[in-house]
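What follows draws every value from the coordinates through simple rules; no lab data is involved. Given the structure is predicted, the values throughout are model-derived calculations rather than measurements. Reconstructed Cβ throughout: ideal geometry from the backbone, glycine too, with neighbour counts over all protein chains shown.
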Ligand SMILES: C[S@@+](CC[C@H](N)C(=O)[O-])C[C@H]1O[C@@H](n2cnc3c(N)ncnc32)[C@H](O)[C@@H]1O
């Protein structure tokens, strides 16, 4: 029987194959690979804004090739990255090793992360939530992984391809356990994307009630 939180086995196999085939070229997009020093700096400053100065434990959900995982680890935090695609995880491991960062990576379904509740100070997810089924249930499950006062940091968009989610669609299904929700626009700053963009791109941060 399939789990109602997750995709069916067939959907998951299709998604895994799709991302496995794209792993080798994924970092060619400026915001994916963060290869340009200006783009890397922009994302580092953005992420740093929402992080405490002291080390915390962070789960990077759907970490892809690990670009943000490495940014987070370089800022001194303890990072775990999960992704459905073994090829993405392999790229992430190579990237972390090249950057001299110790990061734990697992091939794992983001909709059903196999961690005990209350383990992480922060969950970060960039550009995956919109593609998962059962948004409200996924957000509830992710919130359960947070320590008291921990936070969920989402970077999503509603792109001119027609894909994605409006920020309001996410906020309206947040579980009541999350509070102090802030939506921060990211469309106006081309530094994040390596180009001027005209669609909706944003960061949402929310905190688990103590
Ligand atoms: C657009 S990429 C974003 C990668 C990374 N977060 C970033 O911003 O660079 C989406 C990622 O989600 C992963 N993914 C797709 N479905 C997933 C699932 N059900 N569980 C975990 N990862 C998934 C893909 O393999 C891919 O690496």
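Put the Cα centre of region 147-179 next to the Cα centre of region 88-113 and the gap is 23 Å.
What is the diffusion coefficient of region 1-60 in µm²/s, taking the Kirkwood radius over Cα pairs and the Stokes-Einstein relation at 25 °C with a viscosity of 0.890 mPa s?
Rounded, D is 166 µm²/s.
Restricting the calculation to Cα atoms, every distinct pair contributes to the Kirkwood radius of the chain, found to be 17.2 Å. With one equal scatterer per alpha carbon and no solvent term, the Debye-computed log10 I(q)/I(0) for region 99-210 at 0.24 1/Å reads -1.36. Note on residue 106/residue 75: beta-carbon distance plugged into 1/(1 + (r/R0)^6) with R0 of 30 Å gives a FRET efficiency of 0.90. Shape class of region 37-81 from the Cα gyration tensor (axes a ≥ b ≥ c, square roots of the eigenvalues): oblate, since a/c reaches 1.5 or more and a/b does not exceed b/c. The relative contact order of the chain comes to 19 percent, based on Cα pairs under 8 Å that sit 6 or more residues apart. Of all DSSP bridge pairs formed entirely within the chain, close to 45 percent run antiparallel. For region 117-210, relative contact order (Cα pairs under 8 Å, six or more residues apart, normalised by length) works out to 33 percent.
Put the Cα centre of region 183-210 next to the Cα centre of region 7-39 and the gap is 20 Å.
Taking the number of other C-beta atoms within 10 Å as the exposure measure, put 68, 34 in order starting with the fewest.
Lowest to highest Cβ neighbour count: 34, 68.
For region 75-132, dividing the convex hull volume of the Cα atoms by the residue count gives 99 Å³ per residue. Treating each Cα of region 98-163 as an identical point scatterer and ignoring solvent, apply the Debye formula and state log10 I(q)/I(0) at q = 0.13 Å⁻¹. Per q value, in the given order, log10 I(q)/I(0) is -0.43. If the chain linking residue 15 and residue 161 were pulled fully straight, counting 0.36 nm for each residue of separation and taking away their Cα-Cα distance, it would gain 50.7 nm. Modelled label positions at residue 35 and residue 136, each set 7 Å beyond Cα in the direction of Cβ, lie 4.3 nm from each other. Between residue 173 and residue 28, the simple spin-label model (points 7 angstrom out along Cα→Cβ) gives 3.2 nm.
If you wrap a convex hull around the Cα atoms of region 20-135, how much volume per residue is inside, in Å³?
Hull volume over Cα atoms, normalised by residue count, gives 107 Å³.
A Förster radius of 25 Å, combined with the Cβ-Cβ distance separating residue 119 from residue 181, puts the computed FRET efficiency at roughly 0.70. Residue exposure proxy: 147, 195, ordered by other Cβ atoms within 10 angstrom of their Cβ from fewest to most, comes out as 195, 147.
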